[in-house]
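Here's the structure we're looking at; comments come further down.
The values are calculated or read from the model by the stated rules, or taken from the named source; none is laboratory data. Keep in mind that this is a model prediction, so the values were computed, not measured. Here the Cβ positions follow ideal geometry from the backbone for every residue, glycine too, while neighbour counts run over all protein chains shown.
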Amino acid sequence: MSPASRQPEGPDVGGVPPQAAGYDAAAATTGATVLSGGVWKTASLLLPQLYALVQSIVAARFLGPSGMGIQSFIAFTELSVVNLLTVGLSISLMRYIGELLGRGRGGEVRDLVAWGWRVQAVGALLGGGALGIVALTGANVASAWGFAAGAALASILHNVPSAVLIGTQRWRDASIVGLVTGTVATGAIVAVLAAGGGITSMFAVEVAVAVVNLARTGAWRARRSSESRRCRASPLPQRPCGRTLAPTRSSPR
């Protein structure tokens, strides 16, 4: 079998073939990709602040001081739980996925991602369960606490596919879903509050957005993997697959 005919075998993650991962990751990292990643990351950090500002102003207008205080407390508790159970692991996944791909050890990424799913599943159950218990105890606005529990569960799980996309330099894919759903959610929250929906309606919108983010980001990751498998099966040499290229020759080991 000629070197050119050898195609990498085994699993791939995020659209990167295992044996070609080192070559592809290095070739894909350019000044343009770093700049693009910075732009998308900046947008994903700044625009949600604008969304939060608009939502807070509208909530204060329709909920009043008392309602705004309750809503803010529930939101703060939910955000604290999500950050506590995700922030370290999410950053670690991004870092080590990028490192493994850069070293040409893409085949090990799937095991790392599977481990991440297991850990975050436990975290999601703990976080969602804790907020769910508060709802079951009959706390004030119990239904809002219940929706917050669902949003926390989906948000914690969302960190795994998001970390995979960022670790494989899919900056746009990792950011665009949240930016779009954030825009839609802001409009929806304004609408439901104007219609008299109250605190519970705000968290109902939030849990819907969190589920869509999880589903869509996971779908992006699965789509990239599917594209990579089709690329590897193609007889055409060096056929582009997004930012990943099917190898024309095997790297010496």
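Within the range 66-75, is even one residue more than 23 Å from the chain's Cα centre (by Cα) and crowded, with 19+ Cβ neighbours inside 10 Å?
Yes.
Can you work out which of the residues in the range 167-198 that are over 24 Å from Val87 (Cβ atoms) and part of a loop (DSSP other than H, G, I, E, B) is nearest to the chain's Cα centre (by Cα)?
So the residue we want is Gly197.
With the structure loaded, tell me whether Gly123 is under 20 Å from Ile166 (Cβ atoms), touching a residue at least 24 places away in the same chain (Cβ under 8 Å) and in a loop (DSSP other than H, G, I, E, B) or whether it fails that test.
So Gly123 fails the test.
For Asn140, only one of the following conditions fails: (1) surrounded by fewer than 16 Cβ atoms within 10 Å (Cβ to Cβ); (2) touching a helix residue (DSSP H, G or I) at 6+ places or on another chain (Cβ under 9 Å); (3) part of a helix (DSSP H, G or I). What is its number?
So the condition that Asn140 fails would be (3).
Examine the range 33-44 for a residue that is at pLDDT below 85, under 30 Å from Arg103 (Cβ atoms), in contact with a Gly (Cβ under 7 Å, 6 or more places away or on another chain) and among the hydrophobic types (A, V, I, L, M, F, W, C), and state whether such a residue exists.
Scanning the range 33-44, I find no residue that is at pLDDT below 85, under 30 Å from Arg103 (Cβ atoms), in contact with a Gly (Cβ under 7 Å, 6 or more places away or on another chain) and among the hydrophobic types (A, V, I, L, M, F, W, C), so the answer is no.
Between residues in the range 151-173 that are under 16 Å from Gly98 (Cα atoms) and residues that are acidic (Asp, Glu), which pairs lie under 8 Å by C-beta distance while being six or more apart or on different chains?
Once the first residue is under 16 Å from Gly98 (Cα atoms) and sits in the range 151-173, its partners that are acidic (Asp, Glu) give Leu165/Asp173.
Any residue that is outside any helix (DSSP H, G or I) and touching a strand residue (DSSP E or B) at 6+ places or on another chain (Cβ under 8 Å) - is there at least one of those in the range 152-166?
Scanning the range 152-166 turns up no residue that is outside any helix (DSSP H, G or I) and touching a strand residue (DSSP E or B) at 6+ places or on another chain (Cβ under 8 Å).
Does Arg253 satisfy being charged (D, E, K, R) and at pLDDT below 85?
Spelling it out, Arg253 is indeed charged (D, E, K, R) and at pLDDT below 85.
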